[in-house]
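Read the figures in this text as sums done on the coordinates, not as results from a lab. Only a predicted model underlies this, so the values are computations on that prediction, with no experimental measurement involved. Cβ atoms come from the backbone with ideal geometry, glycine included; neighbour counts cover every protein chain shown.
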Amino acid sequence: MTSFYPVKCPHRRQGSVIEWLIPMTAEIKHGDIVLEARGITKRYPGLVANDNIDFEIRAGEIHAILGENGAGKTTLMSILFGLVRADEGEIHVFGKKVNFRSPLDAIDLGIGMVHQSRKLISAHSVLENILLGHPQAGSILNFKKAAEEVGHLCDRYGYKLDLNARVWHLSEGEKQMVEILKALYRGAKILIMDEPTSALAPPETKKLLKTIQIMTRDELAIVPFITHKLPIVLSISQRVTVLRRGKVVARLNTADVTEQRLAVEMVGREVIFELERDVVEKGKPILQVENLSAHDEKGIHSVKDISFSVHEGEIFGIAGVSGNGQQTLAEVLAGLRKAAGGRVLLDGLDVTQTSSLDRWKKGIGYIPSEQRAVGSIGDFSLVENMLMSYYYDDAFSKWGFIDFQKTRRFTEELIAEYGVATPNADVNARNLSGGNLQKLILARVLSRKPRLIIANLPTQGLDVGAMEFVQNKLLEARKSGAGILLISEDLDEVMALSDRVAPMYEGEFMGILPGETADRETVGAWMAGLKQKAVEQ
């Protein structure tokens, strides 16, 4: 006999809309249905995000949810967590019909959610973040007792966390674990995980997957797992549900499928996993970086005396675990952050002290890692977002007046060319999925035909179809003679696209390797700092 309700049940709220309680001795066996969605439909203006979806989660399993960006995965999980209300359909938890008016009702029933974007407060400690919003937070908290209880959870799942550390000091993997601990401490039995590995380095991903497997052996965890990384799906899940354009198109046993089959189900066509890189003759240097140093937003010396060049027709790949200075380097080169020392030359011209707009006009295109915070303005339409790169262009602006009709036509042409899924160009950018927003940003940057493209995590969080599209667009730009600085935490991507590879660790390049001779083991080891700094080859 197994209890699937939180051991202490401290957070059952008086007056909850849930008028029944799950017995502490509920007879739940491995494989029993513990959460079920029936006929879930959610409509937005011009879009049906979920279309009559049936979905179930069974005890003790990892159930992967696949689909292209915008297929409706996050909407469905948000409905199951009470963040969004469905227009039609029913939700059943442990065999009982429920009606969530907020996430608190889902939490009351042992449902937790780990979001793709972190929901942590950087200035607070680990323990404070775990307790923040806890149903007992309105009363006097016993921090010592809470620390002991969280410590037991850490021991159980093999994590070592300093509960007094500020969140901004943590790696992405540690932040992810804080999110998981927060859900488990609230008594989560069903844990929804939305793209949990998208920002993690390979060692952190491996550790997280091991933790999830431990959960499924406990009475604690039944895990719906949203991801775009097909090898992870095959290695960890038992069943897969595939969504396409808001509908369920496949329900599969993981043991019976391949990566290729999953990709076809996701995008509705064959996906080419092996990229074709044409032979391109490397031209003259476009970017030259000389002894560059810089500090990040916390004042940490995160770029240390770096020198390198990027040539015409070349992809120069920087591989590194998040937090090793790549973000600072990209911002300095794009003109968004001041250099502390050294020089940045574009076509032989010193641009170290120039603005981002001046660099943009001189031929630098920047694809930022933060699509929503830096790459777009959520409350602006797609036309207005496109203008962010063209408002100063004489072709679209005369005497301070913008030709919106011409801009609209241009935006609609790019939306069609880049396959941005949207009802029209008047939709606000915040309503686009991550993949479609990235396509819009890519269209805005590449349509100017920049001499140098700084692509910072250009495929992070994208599905296989969108990833293939973005990577091929970068290869097209390379073929046309552009120089590309590719910054990626995906080692496979760096290895597949780059003509030269520079593993980055603690603000320095560990070496620069020719792409054709670089191997995963060497690059991976250098990313982890397992080598003395080397000279360029």
Quick one: which residues, 5 or more positions from VAL427 or on another chain, have an amide H under 5 Å from its amide H? H modelled 1.01 Å from N in the peptide plane, none for Pro or chain starts.
LEU382
Expected sort for 327-336, 420-429 on mean C-beta neighbours within 10 Å, highest first, is 327-336, 420-429
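Need one word for the stretch 294-373: rounded, prolate or oblate. Basis is the Cα gyration tensor (sqrt eigenvalues a ≥ b ≥ c); a/c below 1.5 gives rounded, then a/b vs b/c decides.
Judged from the Cα gyration tensor, the stretch 294-373 comes out rounded (a/c under 1.5).
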In terms of Cα to Cα distance under 18 Å, which lysines are near enough to LYS206, apart from those fewer than 8 places away along the same chain?
LYS160, LYS175, LYS229
Could you please state, rounded to a whole Å, how far the C-alpha centre of the stretch 394-435 is from the C-alpha centre of the stretch 449-473?
19
When the label point is put 7 Å from the Cα of ARG245 along its Cα-to-beta-carbon vector, which residues of the stretch 74-97 have a backbone N closer than 13 Å?
none
Work out, in µm²/s and without decimals, the Stokes-Einstein translational diffusion coefficient of the chain at 4 °C, 1.567 mPa s, Rh from Kirkwood over C-alpha pairs.
52
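Quick one: of the DSSP bridges fully inside the chain, what percent are antiparallel, nearest 5?
Around 55 percent of the beta bridges assigned by DSSP in the chain are antiparallel ones.
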Can you bin every Cα-Cα distance in the stretch 299-425 into 5 Å intervals starting at zero and give me the percent of pairs per bin, rounded to whole numbers?
2, 8, 15, 18, 18, 15, 12, 8, 4, 0
Which aspartates and glutamates have a Cα lying under 17 Å from the Cα of LYS144, excluding residues fewer than 8 positions away in the same chain?
GLU128, ASP155, ASP162
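Take each uninterrupted DSSP H stretch in the chain, measure its Cα extent along the helix axis, and return the ones at 30 Å or beyond whose mean Kyte-Doolittle hydropathy is at least -1.0.
none
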Spelling it out for GLY342: with amide H atoms placed in the peptide plane at 1.01 Å from N, the residues 5 or more places away or on another chain with amide H under 5 Å from its amide H are SER293
Output the pairs from LYS406/LYS449; LYS282/LYS338; LYS207/LYS304 with a Cα-Cα distance over 22 Å in this structure; if there are none, say none.
LYS282/LYS338; LYS207/LYS304
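Cut-off is 10 Å between beta-carbons; in what order do ILE286, ILE415 appear when sorted fewest neighbours first? Before the final figure, lay out the partial values.
On the way: ILE286 26, ILE415 22.
Fewest to most other Cβ atoms nearby, the residues stand as ILE415, ILE286.
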